[in-house]
Each structure stands twice: as C-alpha cells, then as structure tokens.
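Below is one structure, written out as structure tokens, with a few remarks after it.
Each value in this text was obtained by applying a stated rule to the coordinates, not by laboratory testing. Just so you know, these numbers come straight off a predicted model, no measurement behind them.
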Amino acid sequence: MSTPVLPPMPRPLALAVRSLPLAPISTLLTSLTRQLMQRHPGLQRRLGDYASRRFLLDLTDLPFLLLLEPGTSRPRVTAHARRSPPRHDTRIAGLTAAFLGMLHGSLDGDALFFSRDLVIEGDTAAGLALRNAIDNAELDLTVEMAVLLKPLAPLITRLLAIGRTP
C-alpha cells in the first residue's frame, strides 16, 4: 500500500503557528493528552512498559518540537524550541499531515513508516508501541478537540481539516 504525497502545513497556518508562544501550546496539548488518556484508557495499557518513555514528536513543518510523556501520573506534552531539544528516548519525525493522518486512521501507520513519511529514531520498539496504541484507540482528534474546546469547535474542525488534507 502506498501513501499519498503528503503536503506540508499551508504557509499561512505555518506563519500563524510560528508566532505562538510555547507555554500556551504546552498547556493546550497537555490538556488534550490527559483527556485522551482518560477517555481512551486502552492507550496507556497498550503502551505497557513503554509508557514511561519520553517521545519527541518532531513535526518537521512546525517551528517547535513536542515532548510526549504519557506514563507519568499526569501525562503531558510540552513544546520546545528546535534549537534546544529536550532529553528523549524516541524521536518520531514527519510532516504534521502524516501525524494527523495516523491519529485519525485515514493513513496507515505501517505505510507511513515504510515510506519514510514518518521516521523513528532511538527506542524504535517504544515508537512502534505508541503507533500501535494510537492505531487501536481509533482516535478522532476533531471530536477530542471539540470536547476540550467546545466554543471553538467549528474553527478547530476547519483547521484540522486543512492539516489532514493530503
């Protein structure tokens, strides 16, 4: 199975994201991560021993890096400047469209890795465990964001659709 050619984030959206401060991004993504773990307890179970790993999510078309720490008592995602990557066990890199496609299940995670649209470095077993946990959870990020930010749901739905369009 081949994956479609994945587009980078649209330039206007990339420019808007570039000006965002990292602290609010971290707060929003940590809230989303905690909600996901609560609403989809299988995520934590599927990660098993790998839940304690630190996953660096390098969305290559974003101006910052994300660090996912799912196994703490209070899971979190923090945004970091590219010039100072945080300590991590596994790095998963690729375009935002690839990550969103995998999260939504619209793109096959295995195909994304075999085509090198997503690349795992470091503890590859942990990276595969995360991918398997995401695949099995059948997440719909649009729904999750709508639950988290009900008043902004229409805007978020449109923004996520832009990032997900291959």
Note to self: With equal scatterers on the alpha carbons only and no solvent term, can you work out the Debye log10 of I(q)/I(0) for the chain at 0.12 1/Å?
What the structure shows: -0.50
Notebook entry, point to check: Taking the DSSP beta bridges in segment 11-164 as the whole, what percent of them are antiparallel, to the nearest 5?
Noted result: 75
